[in-house]
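See below for the structure under consideration.
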Amino acid sequence: MAGNHADGAGGATGAARPIDALVAEIGSTTTVVSAFDGLSGFPATRPALLGQGVAATSVAAGDVTIGVGTARAALEQQSGPLAPRLTLATSSAAGGLRMTVHGLTQRMTAMAAREAALGAGAVVTYQTAGLLLDHDLRRIAEIRPSLMLLAGGVEGGDCETVLSNARRLCELPLRPIVVYGGNSAVADDARELLERAGFRVRVTSNVYPAVDELDIVPARAVIHDAFEEHIVQAPGMERIGEVVNGRILPTPGAVLLAAERLADDLGDLVVVDVGGATTDVHSITDGSPEYLSIQIEPQAHSRRTVEGDLGTFVSAAHVAAMMSDAERPAELPPALPASAAQVGAARALAAFCAVTAVRRHAGRLTHLYTPTGRQTIVRGRDLTACRLLIGTGGALTRLPDGLAMLAATRGDNGGDRLLPPAEARCALDADYIMADCGALLAHFDGAAVVALINESLGAPAA
């Protein structure tokens, strides 16, 4: 736990102690402020989490800084006054990063646009392929997305669909930021159309430049920049700039950044985050060499999926309905389970969510029957090269038996589902700092940030 790292004086008295950074993770219900030091002097100094403070998120009260200030005060009761050189934030409050994505074909440019949005940390609320129709515009207007990603056409390919869709977006009664990630041949034309209609436009490289080729990392960076511009204008978030002097990232996007950097050192991995409403799965892998030649769908090196029907509180009734009679808890737990019965119920739901989400994230072996006979192919994500499973989020790190829940997501090295292998190691983000570390990566040595994550993970267990 975070308190085990604290080495400052107790009580908020005396001169403020200079430290490297504070990071506020602003969730939909809870805000956590964490203090970090030893990053800027690495490797001469040891990076450390000094402590954490928790408070209710105050977006609904009209001012997010109230919750951030309360959480910081709770932190400084442990550590004494702090003077951070840098204050960062990640946020899933104020609706988080709500996006709609629009492409030319469902399995190509629309799929690539969705992958880019999810990898950036978005909740994709609507997706279209082909020409936008009247009902699409009505649906977008109802959703009121934070951002829109407009794609379409490989390089040197179709131009008309993406331009037609740009014209149709101009009919909307709202003006979210539009990220253009389609055929570069008409990027300037699309930008001009949209800007003339009052949209703020950000152009990135084509997310699907050629058949069976994804290029979504540049789009993710542009989406992060656009999110930062959007979030400081969201109701209740307008004053966040008063307490933050660094980046503001969508929380799931920050987790993926941390997972990518960790994978550079530790190899292919999966991160599972079971929440009250959704379950996120992040994987960093190109798959096993033995399956690459029979993979029929392009796969990004980093992928995130969000299961909106798998959670321990908001989605609990739906999850319970999917469980067997033997697994299903007698009663559904509250948001913060207290009694032994409530904790047991939450644990049962979390275990089911983790297993189900990883199985949905994973691809499978299947068969095609051709004139030359049966052919085995891979559809979807191959996780068999992932030798490390990490659990983060409140359910896996705070409920009992988190490691056992995580271990149950592994495969048995048989069957058609391409799950992490039975020998994959499991570890918990005990300090709950994956998102914080993703934010820190833009400002400190990556090796120093990895040292923080490794401290939180402890010794991975079998």
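A search for C-beta distances below 9 Å between a residue of segment 199-214 that is closer than 19 Å to ALA166 by Cα and at pLDDT 95 or above and any residue that is assigned to a loop (DSSP other than H, G, I, E, B) and among the basic types (Lys, Arg), counting only pairs 6+ apart in sequence or on different chains, returns PHE199/ARG175; ARG200/ARG175. One residue is enough: does segment 176-185 have a residue meeting the conditions aliphatic (A, V, I, L, M) and more than 23 Å from ALA300 (Cα to Cα)? Yes. Annotation note: of VAL355, VAL343, the sole residue that is over 15 Å from LEU310 (Cα atoms), assigned by TED's automatic domain parsing to the domain that holds GLY394, modelled with pLDDT of 95 or more and surrounded by fewer than 23 Cβ atoms within 10 Å (Cβ to Cβ) is VAL343. Applying the criterion of being touching a Phe, Trp or Tyr at 6+ places or on another chain (Cβ under 9 Å) and modelled with pLDDT under 95 to the residues of segment 378-412, the residue that is surrounded by the fewest Cβ atoms within 10 Å (Cβ to Cβ) is ARG398. For segment 380-396, check the following and say yes or no: at least one residue is within 17 Å of LEU310 (Cα to Cα), outside any loop (DSSP other than H, G, I, E, B) and either without any contact (Cβ under 8 Å) to a residue 24 or more places away in the chain or outside the structural domain of GLY287 (by TED's automatic domain parsing) (or both). No, segment 380-396 contains no residue that is within 17 Å of LEU310 (Cα to Cα), outside any loop (DSSP other than H, G, I, E, B) and either without any contact (Cβ under 8 Å) to a residue 24 or more places away in the chain or outside the structural domain of GLY287 (by TED's automatic domain parsing) (or both). In segment 45-80, the residue that is nearest to VAL243 (Cα to Cα) out of those that are of a type outside the set (S, T, N, Q) and in a loop (DSSP other than H, G, I, E, B) is ASP63.
Taking every residue in segment 20-46 that is touching a residue at least 24 places away in the same chain (Cβ under 8 Å) and at positive phi and pairing it with any residue that is surrounded by 21 or more Cβ atoms within 10 Å (Cβ to Cβ) and of a type in the set (Gly, Ala, Ser), at least 6 positions away or on another chain, the pairs with Cβ-Cβ distances below 9 Å are GLY38/ALA448.
Residue-by-condition table, conditions (1) more than 20 Å from THR100 (Cα to Cα); (2) touching a residue at least 60 places away in the same chain (Cβ under 8 Å):
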| position | (1), (2) |
| --- | --- |
| ARG175 | no, no |
| HIS224 | no, yes |
| GLY241 | yes, no |
| LEU249 | no, yes |
| ALA259 | yes, yes |
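Scanning segment 14-29 for residues that are surrounded by fewer than 18 Cβ atoms within 10 Å (Cβ to Cβ) and within 27 Å of LEU97 (Cβ to Cβ) yields one hit, THR29. Take ARG107 and decide whether it is over 18 Å from GLY308 (Cβ atoms), modelled with pLDDT under 95 and among the charged types (D, E, K, R). Taking the combined requirement at face value, the residue satisfies it. For segment 11-52, the set of residues classified as among the small types (Gly, Ala, Ser) and in contact with a Ser or Thr (Cβ under 8 Å, 6 or more places away or on another chain) consists of ALA21, ALA24, GLY27, SER28, ALA35, GLY38, GLY51, listed by residue number.
Taking segment 262-284 as the range and being among the hydroxyl-bearing types (Ser, Thr, Tyr) and either surrounded by fewer than 24 Cβ atoms within 10 Å (Cβ to Cβ) or without any contact (Cβ under 8 Å) to a residue 60 or more places away in the chain (or both) as the test, only THR278 passes.
The values are calculated or read from the model by the stated rules, or taken from the named source; none is laboratory data. Keep in mind the model is a prediction, meaning the values are calculated, not measured. Reconstructed Cβ throughout: ideal geometry from the backbone, glycine too, with neighbour counts over all protein chains shown.
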